[in-house]
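Enquirer: Okay, here's the structure, questions in a sec.
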Amino acid sequence: MTDADVAIVGGGIVGTALASELVRRGRRVALVDSGRAGTTAASYGWINSHKKHPIEYHQLNMAGVAAWRAIADRHPSVVSFAGHLEIAEDEAHRRSLTQRVERLQELGYGARWSSVADARDAVRCTIAPDSLVAAFDEGHAFPLRWVAHLSDQLASADGFERRRATVTRIEPGRYGAELVLEDESRIRATDAVVCAGNGSEALVASAGGALPLVEPLVDSAAFGYLADVSAPGHGIDRMVTTDVVGIRPGDDDLLLVQALDLDQTAEVGAPAPPGVATALEQRIAALLPHTAPRVRAIRVGHRVIPADGRTAAGRIRAGSRVWAIVTHSGVVLAPWLASVLADELCGAPRDARLASFQPARFLDGDAATAPTAPRRPGDQ
Ligand SMILES: Cc1cc2nc3c(=O)[nH]c(=O)nc-3n(C[C@H](O)[C@H](O)[C@H](O)COP(=O)(O)OP(=O)(O)OC[C@H]3O[C@@H](n4cnc5c(N)ncnc54)[C@H](O)[C@@H]3O)c2cc1C
């Protein structure tokens, strides 16, 4: 007898969303999480398909945005589609914004030009009169609120068990797959799914797969700062991006702030140099002169990115009972990916949109081209 139909490793937004979808389909689910805060706890939460290449990846993100729109109708405190204003002053930013708006309009995406006057009516920001301003139909989510909501529901659901433990490896078992925990105890399941964020590479390898992640190097795509900033009376209800800073509403009336060009020094475990907080405060003060911005905390997020930059979702090799869902833009993608992978785990055919996102693509050992670090407005 198995302990569960599906054993999931990882209780970030991806693993929790998958557990929820499987329990809704009547599956017995065991979710094991180490209790260490993962990437979901340090995410900008921008709900978009803004600069997602190639087109197959854009389609995944569009499906993710649609799933979040359905959540917004029922849970307005978890996600808002108040929109995104992007304000370009310098020449390089104007060029990139123009390219992005034109491409997105061709794709039928909600992207339009705005007058400076309309933008000033929408947000109390200083906007130079000759700025180029675009408005995008995009949202911002509070991923930890969504994880907490789903976890509350799961806690009282039949057939769900949550364990706080570290999984050291995954082995084939008599019934399908077995998670081996630190104390060598085992969880036996028909299928196991690795949703362990940056812990996924080792677990997939232990089960005979290959899912290399972007190396955690300073000044690479791996690390980024996120700042919690108090700015009393800021009045910001949506995402605003300028040449030098991105802001959005955060928790407790704070602003959640990033400045991608400052991320070169970001490193997990190392404090941000003092110049980062000073630069952020100066940049926000220039945009919101009616506030007195103060950086309350700077966190370093470690992006979960497969080595070729693309989502990996599915069986780790043909016929395996071990699966993985490992992806950047995991906040955008979690609700939709969880739903289609839950269907597949329950026997439905694979969603055609996932055709080129098989984890098994890494098995032939081809070197992947690492994604470039996001350093300019519109990157992420
Ligand atoms: C600075 C920054 C900005 C970002 N901005 C955006 C954005 O605007 N929009 C967007 O969509 N995405 C964004 N992302 C990416 C997004 O946050 C991630 O893709 C997503 O949070 C990944 O979620 P996850 O559940 O896969 O991983 P995680 O949240 O890392 O969860 C993995 C869990 O697995 C557990 N775990 C790991 N190993 C083990 C083990 N061996 N045993 C047991 N448990 C284990 C960990 O403790 C953790 O709880 C951003 C990321 C960063 C860093």
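Every number here is computed from the coordinates shown, using simple stated rules; none is lab data. Everything numeric in this text was worked out from a predicted model, so none of it was measured. No Cβ is skipped: glycine too gets one built from the backbone with ideal geometry, and neighbour counts run over all protein chains shown.
Enquirer: Looking only at region 51-106, count every residue that is crowded, with 20+ Cβ neighbours inside 10 Å and under 17 Å from V245 (Cα atoms) and tell me the total.
Expert: Counting residues in region 51-106 that are crowded, with 20+ Cβ neighbours inside 10 Å and under 17 Å from V245 (Cα atoms) gives 7.
Enquirer: What are the pairs, 6+ residues apart or on separate chains, where a residue within region 313-331 that is at positive phi has its Cβ under 6 Å from a residue that is within 16 Å of the ligand (Cβ to nearest atom)?
Expert: Every condition considered, the pairs that remain are G314/P359.
Enquirer: Does A348 satisfy being away from the ligand (no atom under 15 Å from the Cβ) and of a type in the set (A, V, I, L, M, F, W, C)? Walk me through how you get there before you give the answer.
Expert: Details: away from the ligand (no atom under 15 Å from the Cβ): yes; of a type in the set (A, V, I, L, M, F, W, C): yes.
In short, yes.
Enquirer: Moving on. Return yes or no: is S356 in contact (Cβ under 8 Å) with a residue 12 or more places away in the chain, assigned to a loop (DSSP other than H, G, I, E, B) and surrounded by 17 or more Cβ atoms within 10 Å (Cβ to Cβ)? Full working, then the answer.
Expert: On the way: in contact (Cβ under 8 Å) with a residue 12 or more places away in the chain: yes; assigned to a loop (DSSP other than H, G, I, E, B): yes; surrounded by 17 or more Cβ atoms within 10 Å (Cβ to Cβ): no.
No, not satisfied.
Enquirer: Please list, ordered by residue number, the strands (runs of 3 or more DSSP E) wholly in region 1-109 having 2 or more residues that are more than 10 Å from the ligand (Cβ to nearest atom) and within 26 Å of A135 (Cα to Cα). Let's see the steps before the verdict.
Expert: Working: elements: 4-9, 29-33, 84-88.
It comes to 84-88.
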